[in-house]
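*Asks:* Can you read through this structure? Questions will come right after.
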Amino acid sequence: MLIIDSKDCENIDKALKKYKKKFEKAKILVQLRARQSYTKPSVERRNVVLKAVYKQKIASGQIES
């Protein structure tokens with residue numbers, strides 16, 4: 001649960017902006033989306049390896065982004 005400390009004189013827009021930043025940093029939405037479907041550990045590892053290979057190819061100049 002996210003708690004935002006706001007002063008009485010603080011604008012509601014500023015408090016909402018603080019809440020959005022805190023929500024984004026907590027990665028709550030990412031966790032919820034990950035829990036919607038189960039992915040096998042082997043598939044997760046394969047995706048991590050494929051992403052690393054892709055990043056290496058971009059860094060070496062084989063693929064232009």
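*Asks:* Please state which of the following conditions Ser42 fails to meet, knowing it meets all the rest: (1) of a type in the set (Ser, Thr, Tyr); (2) open to solvent by 90 Å² or more (accessible area, probe 1.4 Å); (3) more than 19 Å from the chain's Cα centre (by Cα).
*Replies:* (2)
*Asks:* Somewhere in segment 51-59, is a residue free of Cβ contacts under 8 Å to residues at least 24 places away in the same chain, open to solvent by less than 100 Å² (accessible area, probe 1.4 Å) and in contact with a Leu (Cβ under 8 Å, 6 or more places away or on another chain)? I'd like the intermediate steps shown before the answer.
*Replies:* Going through segment 51-59, the residues free of Cβ contacts under 8 Å to residues at least 24 places away in the same chain turn out to be 51-59.
Filter again for open to solvent by less than 100 Å² (accessible area, probe 1.4 Å), leaving 52-53, 57-59.
Narrowing the set further to residues that are in contact with a Leu (Cβ under 8 Å, 6 or more places away or on another chain) leaves none.
Scanning segment 51-59 turns up no residue that is free of Cβ contacts under 8 Å to residues at least 24 places away in the same chain, open to solvent by less than 100 Å² (accessible area, probe 1.4 Å) and in contact with a Leu (Cβ under 8 Å, 6 or more places away or on another chain).
*Asks:* Can you tell me which of (1) at pLDDT 95 or above; (2) under 15 Å from the mean Cα position of the chain (by Cα) is the one Lys21 doesn't meet?
*Replies:* (1) is the only condition that Lys21 fails.
*Asks:* With the requirement that a residue be open to solvent by less than 100 Å² (accessible area, probe 1.4 Å), of a type outside the set (Lys, Arg) and either in contact (Cβ under 8 Å) with a residue 12 or more places away in the chain or not in a helix (DSSP H, G or I) (or both), what does segment 7-27 give you?
*Replies:* Within segment 7-27, Glu10, Asn11, Tyr19, Phe23, Ala26 meet the criteria.
The values are calculated or read from the model by the stated rules, or taken from the named source; none is laboratory data. Quantities reported herein were computed from a predicted structural model and do not represent experimental measurements. Cβ atoms come from the backbone with ideal geometry, glycine included; neighbour counts cover every protein chain shown. To get the accessible areas, we keep the full protein, side chains included, count just its heavy atoms, and leave off ligands, DNA and RNA. Shrake-Rupley method; radii C 1.70, N 1.55, O 1.52, S 1.80 Å.
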